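The values are calculated or read from the model by the stated rules, or taken from the named source; none is laboratory data. From a predicted model like this one, the values you see are computed outputs, not experimental measurements. Using ideal geometry, Cβ is built from the backbone for each residue, glycine included, and neighbour counts are taken over all protein chains shown. Note: areas computed on protein heavy atoms with side chains; ligands, DNA, RNA excluded. Shrake-Rupley method; radii C 1.70, N 1.55, O 1.52, S 1.80 Å.
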Amino acid sequence: MSNKNINNDEYKRDEKKKQPSSSPPPSRKPPQMAIFVWLLIFLSLGVLFVYNHNKKDLTEWEQTKFEKELAAGNILTANLSPENDKVYYVDGKFKPSSPGEAALQAENGDYYYRTKIIYTEKIDEMLRSHPEIMRKIENKDPWLKNLVVMILPIIILVGLLYFLFSRQIKMAGKGALQFGKSKARMILPSDKKITFNDVAGADEAKEETKEIIDFLKDPLKFKLIGGRIPKGALLMGPPGTGKTLLAKAIAGEAEVPFFSISGSDFVEMFVGVGASRVRDMFEQARKHAPCIIFIDEIDAVGRSRFSGIGGGHDEREQTLNALLVEMDGLETQEGVIIIAATNRPDVLDPALLRPGRFDRQIVLDLPDIKGRRQILDVHSKNVKVDPDVNFDVIARGTPGFSGADLANLINEAALLAARRDKKAAGMSEMEEARDKVRWGRERKSRKITDDERKITAYHESGHTLVSLNCPKGIPIHKVTIIPRGIAYLGATMHLPDEDRYTQRRSELVDQIAIYMGGRAAEEIIFGDITSGAASDIEQATKIARIMVCSFGMSTKMGTMQYGSRDEHIYLGRDIVRSEGYSEETAREIDLEIKKLVDEAMKRAMHILTENKAKLELLANKLLEVETMDGVEVRKLLGFEEKKPVEPRAEIKPVPDKPAEIKTV
């Protein structure tokens, strides 16, 4: 026992050494070259500004012109700059002696000239006779000025080009080198945010993932027995059931680094990038082992390779091959566990699902009534809820809701309470939010004629009355002639009393009859039919087709499975597919489907004909109040109020008996 504790302590110390420090990364200093370029640009701009600011409108003269103007007394100032002993540069102010020169007047009213002369004795005598105009400038080097003026624009241009393109070139080079790097985000053990306490309605899934976490925390306990932890776990389930949330909870519970990435992050427009990123991700993971890699929406890269579409160099296929090799190849090692999530396990490659890669497949299904109750408790923690709210009633009335739907329900109820200026969300807000999430929001602003309102009232009354006369039908929840959603002028809402996992033939037959009740009511009352029953006919036909082709509920067709012609085709795998039955059999299937729908229509017509007075009573009441719940409908028509069904008993697993140890 003492040796085991020592080994555990040593293992934990080693793991702490492997884990990277959580200190913030050092701040990046700006490059020195960029600062130098900026200073050079500003200095050059300043020199140009000063030069242009001091620049005058100069008139270029020849030496003879200068001598003539000097003799005439038109030279006001003369600045002499020696180039050598005999040659001088002269510039200064002058007084114009002709109209053409006067037209060149500068903005400040002065006139400037510039010339290059050979300094003769004649010029020297003329300048000395006017000492007030001459100023000799020593140590002035004109060629340096000209050189600066010539080179400075070139320097500025080169600096601008360097500044504009050097960063792009550097970033392009960096991007080319980093393009194949993994985009996985590493969550350190100190970044705990979500735990298993935040995940409700998935007890079995949490139990299976707890084994993985226990192995990461104390692998020696499993190794001493000889057990091998699964290399990968695949989270499967419908959208909104909490697959990603469970992965976040695993990251919060496991005291190991957690790499998170989406399946779409592997695939890019360049060939080979996805495979490179897979290799880089596993290389980084091995450096931080033991650790967990979570790949969300793995079907983006894990689709079956046997599609027959594309060649062997398909980018997604290369990425999948790299993933398969890294998960169970020659260079793999223990300590890296892969967890992936998908809601399309049917399209995944079989090589991904074999033991040794994804050894364990964890299903997160839609929560039952107990799970929905727990989920409502979790999401209502941060929302002010009225004490009178009974979440057991809400959980019983939300069959088929996922965890995301229930979270949306709580949020919609809170928003509705705030819109009504309430301090807390009450039961009425919860009920309305549930109806909004399931059936859509009421559209009271839609303008409907009185004739259409009357047709809608009788149509929905037909559904309701047939449902009340079908013993196996789903109970009525609410009837309304207020438009909801996109295309519904009215709605008859049904909610089951409990979660159902199987359906009897009698229940499906009653369900088809309920769908046909709206069309039957239109024929009986108006002697005409409308397009409002299109959705009802579609749903009734779909149920009848499933009964004949999948459930074996047709006496004539027998208990056989017939492929449906309108099911989704997985491109490539089923692009060339035979139906599995002849055209004659297809005709018999169509006749059986039509028979089921026709019988349901006759049954609905019979029920409504015998209860025509109740049909008119309910329709007139709907025209008056627009919306009625199930209790009000039953009371109006004289039906007994249906008692709520007690929830089914929870199936508890039988505890395993400890093995008896016999001594010899």
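Points worth noting:
- Flag for Ala457 being within 35 Å of the chain's Cα centre (by Cα), within 23 Å of His606 (Cα to Cα) and of a type in the set (A, V, I, L, M, F, W, C): no
- The residues of region 219-232 that are open to solvent by 30 Å² or more (accessible area, probe 1.4 Å) and assigned to a loop (DSSP other than H, G, I, E, B), listed by number, are Gly226, Gly227, Arg228, Lys231.
- Among the residues of region 348-389, none is identified as of a type in the set (Val, Ile, Thr) and modelled with pLDDT under 85.
- Verdict on Ile651 being modelled with pLDDT under 50, open to solvent by 60 Å² or more (accessible area, probe 1.4 Å) and more than 27 Å from Ala395 (Cα to Cα): no
- Residue within region 527-540 that is without any contact (Cβ under 8 Å) to a residue 12 or more places away in the chain and in contact with an Asp or Glu (Cβ under 8 Å, 6 or more places away or on another chain) present: yes
- Candidate set: region 533-563, residues that are farther than 22 Å from Thr502 by Cβ and assigned to a loop (DSSP other than H, G, I, E, B); chosen: the one most open to solvent (accessible area, probe 1.4 Å): Lys556
For (1) of a type in the set (Gly, Ala, Ser); (2) touching a Leu at 6+ places or on another chain (Cβ under 8 Å); (3) at pLDDT 90 or above; (4) on the phi > 0 side of the Ramachandran plot, each residue gets a yes or a no:
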site	(1), (2), (3), (4)
Asp590	no, no, yes, no
Ala600	yes, no, yes, no
Asn611	no, yes, yes, no
Glu626	no, no, no, yes
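- Residue in region 419-435 that is surrounded by fewer than 18 Cβ atoms within 10 Å (Cβ to Cβ) and under 19 Å from Pro239 (Cα atoms) present: no
- Of everything in region 60-79 that is open to solvent by less than 70 Å² (accessible area, probe 1.4 Å) and in contact with a helix residue (DSSP H, G or I) (Cβ under 9 Å, 6 or more places away or on another chain), the residue that is farthest from Asp124 (Cα to Cα) is Trp61.
- Contacts under 9 angstrom Cβ, first residue in region 468-485 being closer than 19 Å to Lys614 by Cα and without any contact (Cβ under 8 Å) to a residue 40 or more places away in the chain, partner of a type in the set (Val, Ile, Thr) and not in a strand (DSSP E or B), 6 or more apart: none
- Some residue of region 417-439 being closer than 29 Å to Asp299 by Cβ, modelled with pLDDT under 85 and either basic (Lys, Arg) or touching a strand residue (DSSP E or B) at 6+ places or on another chain (Cβ under 9 Å) (or both): yes
- Among the residues of region 364-401, those identified as of a type in the set (D, E, K, R), part of a loop (DSSP other than H, G, I, E, B) and either out of contact with any Asp or Glu (no Cβ under 8 Å at 6 or more places or on another chain) or open to solvent by less than 20 Å² (accessible area, probe 1.4 Å) (or both) are Asp365, Lys381, Lys384, Asp386, Asp388.
- Pick from region 491-509, criterion among the aliphatic types (A, V, I, L, M) and either at pLDDT 90 or above or in a loop (DSSP other than H, G, I, E, B) (or both), ranking: most open to solvent (accessible area, probe 1.4 Å): Val509
- The C-beta contact set for region 233-254 (first residue part of a helix (DSSP H, G or I), second residue of a type in the set (Ser, Thr, Tyr) and open to solvent by less than 10 Å² (accessible area, probe 1.4 Å), distance under 6 angstrom, 6+ apart or interchain) comprises Ile250/Thr209.
- Of Ala404, Ala340, Ala414, all but one fail to be under 28 Å from the mean Cα position of the chain (by Cα), surrounded by 15 or more Cβ atoms within 10 Å (Cβ to Cβ) and assigned to a strand (DSSP E or B); the exception is Ala340.
- Within region 609-622, residues that are outside any helix (DSSP H, G or I) reach partners that are open to solvent by less than 70 Å² (accessible area, probe 1.4 Å) with beta carbons closer than 6 Å, at six or more positions or on different chains, in the pairs Asn611/Leu465.
- Those residues of region 475-490 which are open to solvent by less than 50 Å² (accessible area, probe 1.4 Å) and within 13 Å of Asp435 (Cβ to Cβ), in sequence order: His477, Lys478, Val479, Thr480, Ile482, Arg484, Gly485
- Residues located in region 359-371, provided they are under 25 Å from the mean Cα position of the chain (by Cα) and of a type outside the set (S, T, N, Q): Ile362, Val363, Leu364, Asp365, Leu366, Pro367
- Selection over region 90-141 of residues that are open to solvent by 70 Å² or more (accessible area, probe 1.4 Å), part of a helix (DSSP H, G or I) and at pLDDT 75 or above gives a count of 4.
- Of all residues in region 510-529, none are of a type in the set (Asp, Glu), open to solvent by less than 40 Å² (accessible area, probe 1.4 Å) and part of a loop (DSSP other than H, G, I, E, B).
- Among (1) modelled with pLDDT under 90; (2) touching a strand residue (DSSP E or B) at 6+ places or on another chain (Cβ under 7 Å); (3) among the acidic types (Asp, Glu) - the single one Glu460 does not satisfy: (1)
- Scanning region 417-470 for residues that are more than 20 Å from Gly490 (Cβ to Cβ), out of contact with any helix residue (DSSP H, G or I) (no Cβ under 7 Å at 6 or more places or on another chain) and in a helix (DSSP H, G or I) returns Ala418, Arg419, Met427, Ser428.
- One residue from Asp386, Asp405, Asp359 being in contact (Cβ under 8 Å) with a residue 40 or more places away in the chain and either farther than 27 Å from Val437 by Cα or hydrophobic (A, V, I, L, M, F, W, C) (or both): Asp359
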